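S.K.: Handing you a structure now.
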Amino acid sequence: MLREPLLMLSRSARVKHLVTSMPVSKGVVARYVPGESTEAAVDATRDLIGSGLHVSLDFLGEDTLDLAQADATVTAYTDLLRSLSQHGLSRTAEVSVKLTAVGQAIDTSMALDGARAVCEAAQAAGTTVTLDMEDHATTDSTLGILRELRKDFPETGAVLQSYLRRTEADCRDLAYEGSRVRLCKGAYNEPESVAFGDKHDVDKAYVRCLKVLMAGQGYPMVATHDPRMVDITAALATRHDRPQGSYEYQMLYGIRPDEQRRLAETGEQVRVYLPYGQEWYGYLMRRLAERPSNLTFFLRSLVSKK
Ligand SMILES: Cc1cc2nc3c(=O)[nH]c(=O)nc-3n(C[C@H](O)[C@H](O)[C@H](O)COP(=O)(O)OP(=O)(O)OC[C@H]3O[C@@H](n4cnc5c(N)ncnc54)[C@H](O)[C@@H]3O)c2cc1C
């Protein structure tokens, strides 16, 4: 019930200003975002890798209409990748990129150039890039840019969202050999015309998509905290004779950390999505929208004296 209003607020500049200027917000956001600087992100990455986990780092920011900011995002990623490589972390840590942070809303070719520069830096560091998926208005453009990038960087990862009605067909298109595909449920506010509105339907679609990806020739990246989806993935791996490491689980930083470690201890490849940077507002609001108890925690922190 609260999901829709919270997701609408995630795009409000006024509420963003209000929330981000409250000092306590930073305490709350620390649960989901380990820091604002490259150093903090690299430190958190080192800790996660030390516990047997893999990482995908996201330099926070989205929806930019500012050329200088889009350029700054590309620079932030190239600096990060250099640092990961220097610290010997780039074999187990990759990056996730939102195309709207590198200019997709300004000009598609600008976003392609920016993403290409990040892919080049990732390749030099010996790692990969995954293109996050944003709201449905960007899906075709994002998949188009993915196709272009894969000509030179075939390891570039895609993300598909099971709440979109189109996604089962997209899974079939992308389940080819060497194709890395992250499957998530989807985090944006979408109209019924393009997305399932009922959570149960989103979950059923997730299972259908998972079946396509696990039966296919690609590399499925199962991004969910849902214990039922984790169990179904294990059953599908057995059914399709997929050894551990021919697919991976992915979870967000700060969500079900015990489960992340438990799965890794059983020999599964588990990757933690690690966001960092100052532009955490949209990301935080999507996390709050996913779980009402998080919102209670957030509001309580705002009225407490701390
Ligand atoms: C690695 C990764 C990458 C992602 N990339 C994208 C992307 O590119 N585009 C996109 O649209 N979405 C992305 N998402 C978000 C995703 O679409 C969902 O919004 C989010 O993962 C919640 O869905 P769920 O599968 O965990 O299932 P849910 O049914 O929402 O949750 C299942 C259980 O997980 C736990 N849980 C879920 N969310 C939270 C939370 N915020 N706080 C605490 N506990 C929680 C709860 O125990 C809950 O019962 C990504 C998610 C992950 C894990």
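The values are calculated or read from the model by the stated rules, or taken from the named source; none is laboratory data. Nothing here was measured: the structure is a model prediction, and the numbers come from that model. No Cβ is skipped: glycine too gets one built from the backbone with ideal geometry, and neighbour counts run over all protein chains shown.
S.K.: On the given criteria, is GLY277 more than 9 Å from the ligand (Cβ to nearest atom) and at positive phi?
M.R.: Details: more than 9 Å from the ligand (Cβ to nearest atom): yes; at positive phi: yes.
So GLY277 passes the test.
S.K.: Applying the selection to region 50-68, what residues are surrounded by fewer than 19 Cβ atoms within 10 Å (Cβ to Cβ) and touching a residue at least 24 places away in the same chain (Cβ under 8 Å)? Steps first, please.
M.R.: We begin by selecting, within region 50-68, every residue surrounded by fewer than 19 Cβ atoms within 10 Å (Cβ to Cβ); these are 50-52, 63, 65-68.
Scanning region 50-68 gives SER51, GLY52, ASP63, LEU65, LEU67.
S.K.: With respect to ALA169, determine if the residue is hydrophobic (A, V, I, L, M, F, W, C), away from the ligand (no atom under 14 Å from the Cβ) and touching a residue at least 24 places away in the same chain (Cβ under 8 Å). If you could, list the steps in order and put the result at the bottom.
M.R.: Details: hydrophobic (A, V, I, L, M, F, W, C): yes; away from the ligand (no atom under 14 Å from the Cβ): yes; touching a residue at least 24 places away in the same chain (Cβ under 8 Å): no.
Answer is no for this residue.
S.K.: Those residues that are away from the ligand (no atom under 14 Å from the Cβ) and not hydroxyl-bearing (Ser, Thr, Tyr), I need them from region 213-237; list them, please. Steps first, answer last, please.
M.R.: Narrowing region 213-237 to residues away from the ligand (no atom under 14 Å from the Cβ): 213-219, 234-237.
Passing the criteria: LEU213, MET214, ALA215, GLY216, GLN217, GLY218, ALA234, ALA235, LEU236, ALA237.
S.K.: Residues to consider are LEU288, LEU236; find the one that is at pLDDT 95 or above and of a type in the set (A, V, I, L, M). Write out each step before concluding.
M.R.: Details: LEU288 fails: at pLDDT 95 or above.
Exactly one residue qualifies, and that residue is LEU236.
S.K.: Taking the condition assigned to a strand (DSSP E or B), modelled with pLDDT of 95 or more and either buried (at least 17 other Cβ atoms within 10 Å of the Cβ) or of a type outside the set (Gly, Ala, Ser) (or both), does LEU160 pass? Steps first, please.
M.R.: Details: assigned to a strand (DSSP E or B): yes; modelled with pLDDT of 95 or more: yes; either buried (at least 17 other Cβ atoms within 10 Å of the Cβ) or of a type outside the set (Gly, Ala, Ser) (or both): yes.
Spelling it out, LEU160 is indeed assigned to a strand (DSSP E or B), modelled with pLDDT of 95 or more and either buried (at least 17 other Cβ atoms within 10 Å of the Cβ) or of a type outside the set (Gly, Ala, Ser) (or both).
S.K.: Exactly one of these conditions fails for GLY61: (1) part of a loop (DSSP other than H, G, I, E, B); (2) away from the ligand (no atom under 16 Å from the Cβ); (3) in contact with a helix residue (DSSP H, G or I) (Cβ under 9 Å, 6 or more places away or on another chain). Give me its number.
M.R.: Of (1) part of a loop (DSSP other than H, G, I, E, B); (2) away from the ligand (no atom under 16 Å from the Cβ); (3) in contact with a helix residue (DSSP H, G or I) (Cβ under 9 Å, 6 or more places away or on another chain), only one is false for GLY61: (2).
S.K.: Would you mind finding the one in TYR283, TYR273 that is modelled with pLDDT of 95 or more, among the hydroxyl-bearing types (Ser, Thr, Tyr) and within 19 Å of the chain's Cα centre (by Cα)? It would help to see each step written out before you state the result.
M.R.: Working: TYR283 fails: modelled with pLDDT of 95 or more.
Step by step, each of TYR283, TYR273 is checked, and only TYR273 is modelled with pLDDT of 95 or more, among the hydroxyl-bearing types (Ser, Thr, Tyr) and within 19 Å of the chain's Cα centre (by Cα).
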